[in-house]
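What follows is one structure encoded as structure tokens, with my remarks underneath.
The values are calculated or read from the model by the stated rules, or taken from the named source; none is laboratory data. From a predicted model like this one, the values you see are computed outputs, not experimental measurements. Positions of Cβ are backbone-derived with ideal geometry, glycine not excepted, and every protein chain shown enters the neighbour counts.
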Amino acid sequence: MQSNTLWWRDGVIYQIYPRSFMDTNGDGMGDLPGIISKLDYIADLGVDAVWLSPVYPSPDVDFGYDVADYRGIDPKFGSMQDFETLITQAHQRGIRIILDLVLNHTSDQHPWFLEARQSTDTPTHDYYLWAEPGPKGGPPNNWAAIFGGSAWEYEPAINQYYLHLFYKEQPDVNWRNPTLHDELLDVFRYWCEKGVDGFRLDVFNLYYKHADLPDNPPQVPPTPPFFRKFDQQQHLYDYDQPEMLTVLAEIRAILDQYPERFAVGETFPENAESAVKYSTSGLLHEAFNFEFTHCPWLARPFMAAVQRYESLLAPDQHPCYVLGNHDLARPATRYAKGEDDSRLKVAAALLLTLRDTPFIYYGDEIGQRDIPIRKKEDILDPIGKSFFPFFKGRDGCRAPMQWNAAPQAGFTTGTPWLPVHANSATRNVAAQQADPDSLLNFYKQLLALRKAHPALHRGSLTFLQDSAKFILTYLRAAENDICLVALNFSSYERELILDNFIPRDWNVLLSTEKNLPLRFTEGVLTLKPNQVLILHHA
């Protein structure tokens, strides 16, 4: 157990998808002034940092993840002055700011690529990954794009192909080029000097590809989700190359020159081994492990995912967990039954009481559901258009924040870029603020308890059952501060055998069954359906 407090390790991070959070100019798209206007809400929620999805200039082929300028702010979000005001006002409230950095690829509208595609002799040509046509005149190898089709796009003007592991409008950069390498590392320094506190690195382990560009061998059987050419290959050569460890050490060295700067990485694929490999000492502070995120609504898989991750981590490594983000169906859509939030309170308690850095996606604190996507014509996300009906894209989880019962949920006075969910008249921040039993107020209670109790924000983790079928039970302990967390994943009343573990001087810190006495008899603790129970012993 670690004793000193660190904001990124012991705190909670709130992800904002800027175009969907709050619009102040009526154009239907969220903006930086909108985020500034809601900083008091974020502070009142009780989180410690805000992660912003990209706000850089972008033609929006991938809605900001195709960057045209790493050192600018897209005018649709505001100005650099707005961004600097956001940092200042967030810091005044004790809130840190984390930026998304997309350094595997740029937009094809980035000045570097516009020059690079003109001639093989341009200064920036080698900033990207180019290759001559293959022996039959086609792509240089068999690599597939994650978003569908070949990973190579032909450029007739120079008779070469360029690599793009995502859309063709997102050419991959060549980290082996020393000038480009230095340019990208300097991006970290630029934003640190602006006062940014940390970075989320988008698909960082794709930065390097095998220099010889060999074919990937086939994957038999294909990996889920099965319907892409990408799923039919073993990805031995298009990511996870050895050079990644060196560049992560360089990034960490830059961050260590500034006080308490932080980097968390998105690995691809999203497993515990990758997360552990890239967050060892001297590399990233943390890396996402989405095995936890993709668990079905059962106690045992969640426990198994946590135990597996914990078993791989070294003593100086720290896990982070997430239930929702801009690429996933919302937890309310995956787990809740109708408009009932009881399961979502269990999910919130799990996320916020584990040994982890929790990440909360905007709107999950009020149980926002995905907007329904019924027709291909309704889809904005290009990957959804490509793979419909097998995959409907990511529009559903990116809909506007539901602030109140006003038209367009108080998000905008104009027409929102994505539709507001039909339930916004009843499911919104204002309504839940007024309801003491709401999911929002439950999140606030959990966040306050986590902050107040060392056991919950930096304590050890011990599961009390080897095989949890319906109830997940664990201890968090820091010095003499001990908390017991019991979560009933079942829709039925269940009994938890604790062998007289609970002494008489345990106190109820939080329970979703407020008016019921603690039912603990002869070593058996009875939990109501979907009950959250947190006990404290000091």
Of all the residues that make up segment 229-275, how many are more than 23 Å from Glu183 (Cβ to Cβ), assigned to a helix (DSSP H, G or I) and among the hydrophobic types (A, V, I, L, M, F, W, C)?
3
Where the second residue is assigned to a loop (DSSP other than H, G, I, E, B) and crowded, with 18+ Cβ neighbours inside 10 Å and the first is touching a residue at least 24 places away in the same chain (Cβ under 8 Å) and lies in segment 516-534, which pairs have Cβ atoms under 7 Å and are six or more apart or on separate chains?
Pro529/Ser490; Gln531/Thr512; Val532/Thr512
Suppose we filter segment 331-350 for residues that are closer than 19 Å to Ala299 by Cα, in contact (Cβ under 8 Å) with a residue 60 or more places away in the chain and assigned to a loop (DSSP other than H, G, I, E, B); how many remain?
1
Among residues of segment 147-170, those that are assigned to a loop (DSSP other than H, G, I, E, B), over 21 Å from Asp202 (Cβ atoms) and touching a Phe, Trp or Tyr at 6+ places or on another chain (Cβ under 9 Å), counted
1
Do we find a residue being within 27 Å of Phe63 (Cα to Cα) and not hydrophobic (A, V, I, L, M, F, W, C) anywhere in segment 428-445?
yes
Could we say that Asp231 is modelled with pLDDT of 95 or more and either farther than 30 Å from Pro111 by Cα or not hydrophobic (A, V, I, L, M, F, W, C) (or both) here?
no
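Mind listing just one residue for me: the one in segment 43-72 that is assigned to a helix (DSSP H, G or I) and either acidic (Asp, Glu) or touching a residue at least 60 places away in the same chain (Cβ under 8 Å) (or both) and, of those, nearest to Glu365 (Cα to Cα)?
By that ranking, first place goes to Leu45.
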Could you say whether any residue in segment 22-39 is in contact (Cβ under 8 Å) with a residue 60 or more places away in the chain, under 27 Å from Lys209 (Cβ atoms) and assigned to a loop (DSSP other than H, G, I, E, B)?
no
Take the residues in segment 457-466 that are modelled with pLDDT under 95 and assigned to a loop (DSSP other than H, G, I, E, B); name whichever of them is surrounded by the most Cβ atoms within 10 Å (Cβ to Cβ).
Leu464
Restricting attention to segment 308-324, does a residue exist that is under 23 Å from Tyr14 (Cβ atoms), surrounded by fewer than 21 Cβ atoms within 10 Å (Cβ to Cβ) and free of Cβ contacts under 8 Å to residues at least 40 places away in the same chain?
no
Does Glu183 satisfy the criteria of being under 27 Å from the mean Cα position of the chain (by Cα), assigned by TED's automatic domain parsing to the domain that holds Asp44 and not aromatic (Phe, Trp, Tyr)?
yes
What about Glu286, is it assigned by TED's automatic domain parsing to the domain that holds Leu440 and in contact (Cβ under 8 Å) with a residue 40 or more places away in the chain?
yes
